[in-house]
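Below is one structure, written out as structure tokens; the observations come after it.
The values are calculated or read from the model by the stated rules, or taken from the named source; none is laboratory data. All values reported here derive from a predicted model rather than from experimental measurement. FYI the Cβ positions are ideal-geometry reconstructions off the backbone, even for glycines, and counts take in every protein chain you see. Side chains are part of the model used for accessible areas, which takes the heavy atoms of the whole protein and leaves out ligands, DNA and RNA. Shrake-Rupley method; radii C 1.70, N 1.55, O 1.52, S 1.80 Å.
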Amino acid sequence: MSLKTKSILVFATALVGTAVMAQTAAPAAAPEPANSLSFNVGVVSDYRFRSVSQTSFKPALQAGVDFAHKSGFYVGAWGSNINWIKDYVGATDGSLEVDLYGGYKGEIAKDFTFDVGVITYQYPNNTADKVLVNANTTEVYGALTFGIVTVKYSQATSNFIANPDSKGSAYVEVAAAFDLGGGFSLTPHVGRQTIPNQLASAGDYTDYSLTLGKDFGNGLSASLAAYTTDAKDSFYKVGTFDNLGKNGASIGVKYTF
């Protein structure tokens, strides 16, 4: 064997050895966390629930916490100040909403997922039962998402937000989430709320909303939303207060950490 051949063989052996050492030394991929815990805090100029104002068109401070397990199970809590129980129901107390929820998310097929759960809207110390019935409300829900489109159905297992004999109230909604690039998103939404056993179905309405979102990164996001409904004055307007479902817009900022 010539000196040149020996040199080539030594060089090749060194390269192979280096590659093997590099592969051996490379750190293993970090395992997926078994669970995650996140918090959020934000402010909106008008808190709308199903396009109906909950703060009599005033700002709201909001905060929440979410826990999710990699199996798909999740629980969370969220809170906001509100005005409707005192302004529209005439109760003497009830200025806070606390939502407690839990459910399970999973994948049916590629880009096709489901989400089922239960949520309770609690209004601590509310005195709506002195006027109508207690405002606390519990719903079960189910949603299907295919690509950018989500269809969701929610049904009350209790009286619905201080309306007597309203168990079985239902809300069906369809939304789509469009990624506009640059951290911007656009979400059109349509929903239909029905409340049984109300005179002339006065509580039933259809709502539409369009939300422009901006993700600034590092947990900071903002939104601009516009709302319109056909909510009836006879049900959603009281005294000197305007129809809670009137056309409007709101801006919001949220920080998640």
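Where both bridge residues fall in the chain, DSSP classifies roughly 100% of the beta bridges as antiparallel.
Given a 1.4 angstrom probe, I'd like the percentage of the accessible area of the chain that is carbon and sulfur, rounded to a whole number. Mind showing how you got there, number by number?
Values: 9390 of 14360 Å².
Exposed carbon and sulfur together represent 65 percent of the surface.
Each Lys and Arg Cβ is given +1 and each Asp and Glu Cβ -1; about its Cα centre, the chain then shows a dipole of about 780 debye.
Kindly report the accessible area of the chain per residue (heavy atoms of protein chains, probe 1.4 Å, no ligands, DNA or RNA), in Å².
Result: 56 Å² per residue.
What is the local net charge at Tyr205, summed over the other residues whose Cβ is closer than 14 Å to its Cβ (Lys, Arg +1; Asp, Glu -1)?
On the way: positive: Arg48, Arg50, Arg192, Lys232, Lys237, Lys246; negative: Glu173, Asp204, Asp207, Asp230, Asp233.
Neighbour charge sum, excluding Tyr205 itself: +1.
Against the longest principal axis of the chain, how steep is helix 3-25, in degrees 0 to 90 to the nearest 10, with axes from Cα atoms? Approximately 20 degrees, to the nearest 10. What's the whole-number percent of alpha carbon pairs in the chain lying beyond 31 angstrom? Counting every Cα pair in the chain, those more than 31 Å apart make up 36 percent. Computed from phi, the 3J(HN,Hα) profile of the range 169-176 under the Karplus parametrisation 6.51, -1.76, 1.60 (θ = phi - 60°) reads 4, 9, 9, 10, 9, 9, 9, 10 Hz, with x in place of Gly and Pro. Taking Ile82, Ile108, Ile161 as the candidate residues, the one with maximal mean-square fluctuation in a Gaussian network model of the chain, Cα springs under 10 Å, is Ile108. Phi angles of the range 63-70 translate, via the Karplus equation with coefficients 6.51, -1.76, 1.60 and θ = phi - 60°, into HN-Hα couplings of 7, x, 9, 9, 10, 9, 9, 5 Hz per residue; Gly and Pro are given as x. Cross-link reach is defined here as a Cα-Cα straight distance under 13 Å, omitting same-chain residues fewer than 8 places apart; for Lys246 the aspartates and glutamates meeting it are Asp46, Asp207, Asp230, Asp233.
Which of the pairs Lys105/Lys232; Lys70/Lys152; Lys58/Lys152; Lys167/Lys232 have their Cα atoms more than 26 Å apart in this structure? From the list (Lys105/Lys232; Lys70/Lys152; Lys58/Lys152; Lys167/Lys232), the Cα-Cα distance tops 26 Å for Lys105/Lys232; Lys58/Lys152.
Using the Cβ atoms and a cut-off under 10 Å, what net charge is assigned to the surroundings of Pro124, where Lys and Arg are +1 and Asp and Glu are -1? List each step's numbers first, then the result.
Working: positive: none; negative: Asp93, Glu97.
Surrounding charge for Pro124 is -2.
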